[in-house]
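Structure first, commentary second.
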Amino acid sequence: MEPILSTLWWSALTVFLVSLFITVIVVYNRLVSLRQAANQGTADIDAQLRQRHDLIPNLVESVKGYAGHEKETLERVIMARNTAAANTNSRNEQELKIALDRLLALGEAYPELKANTNFLQLQNELSMVEDKLAAARRALNAAVARYNASIEAFPAVLFASLLGFKHYDFNRLDDSERGIVDQRPQVQF
């Protein structure tokens, strides 16, 4: 009778260990997938910021012909764009947003610029990039929420920290950006 109990005990232990191993593998793979989604969200935001930075020189060039004497405004936009491109952080992006708003406001001061097809097209592209940027930020926050929730959910909570999974921070605005950054640029005709 004793050898049968010993065999059953070893069999139960083996089934438990195999089940535990399979659970860890499944949890690990799910967390890796969710972490990659959060990383992709960050990369999507970077891509939208890069696209916005690439549009700015074209927008400045189209304004130069009509508002050449607004040199200070144009220089500020280029300087803010270069600073933001070199070191993307919320403060630099905020300064760029303010400079862009000033540049777009020139369209109001110069009716012939406001009627320029190239300027209007660039203005619309910039507006679309801003929309995509806001959507990318929302998507990143959703991916981070899923990832963080998965780390805290059972059974992942038992293994996540041991496997090197740490919480991600949400994409947040600092106080100077609240209510400004995710607004569409004002386009008036």
Candidate set from segment 100-130 (those that are exposed (fewer than 14 other Cβ atoms within 10 Å of the Cβ) and of a type in the set (Asp, Glu)); member that is nearest to Phe170 (Cα to Cα): Glu108
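Condition check ((1) touching a residue at least 40 places away in the same chain (Cβ under 8 Å); (2) out of contact with any Lys or Arg (no Cβ under 6 Å at 6 or more places or on another chain)) across all residues:
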{"residue": "Val77", "(1), (2)": "no, yes"}
{"residue": "Ala86", "(1), (2)": "no, yes"}
{"residue": "Asn89", "(1), (2)": "no, yes"}
{"residue": "Asn92", "(1), (2)": "no, yes"}
{"residue": "Ala99", "(1), (2)": "no, no"}
{"residue": "Tyr110", "(1), (2)": "yes, yes"}
{"residue": "Gln123", "(1), (2)": "yes, yes"}
Considering residues of segment 89-99 that are over 15 Å from Arg50 (Cβ atoms) and at pLDDT 75 or above only, the residue surrounded by the most Cβ atoms within 10 Å (Cβ to Cβ): Ala99
Counted residues, segment 53-88 - those being at pLDDT 80 or above and either in contact with a strand residue (DSSP E or B) (Cβ under 9 Å, 6 or more places away or on another chain) or of a type in the set (Ser, Thr, Tyr) (or both): 1
Given (1) open to solvent by 90 Å² or more (accessible area, probe 1.4 Å); (2) at pLDDT 90 or above; (3) hydroxyl-bearing (Ser, Thr, Tyr), index of the condition Ser150 fails: (1)
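The values are calculated or read from the model by the stated rules, or taken from the named source; none is laboratory data. Quantities reported herein were computed from a predicted structural model and do not represent experimental measurements. Methodologically, a virtual Cβ is constructed for each residue, glycine included, from the backbone with ideal geometry; neighbour enumeration extends over all protein chains shown. Remember, those area values only see protein heavy atoms, side chains included, never the ligands or the DNA or RNA. Shrake-Rupley method; radii C 1.70, N 1.55, O 1.52, S 1.80 Å.
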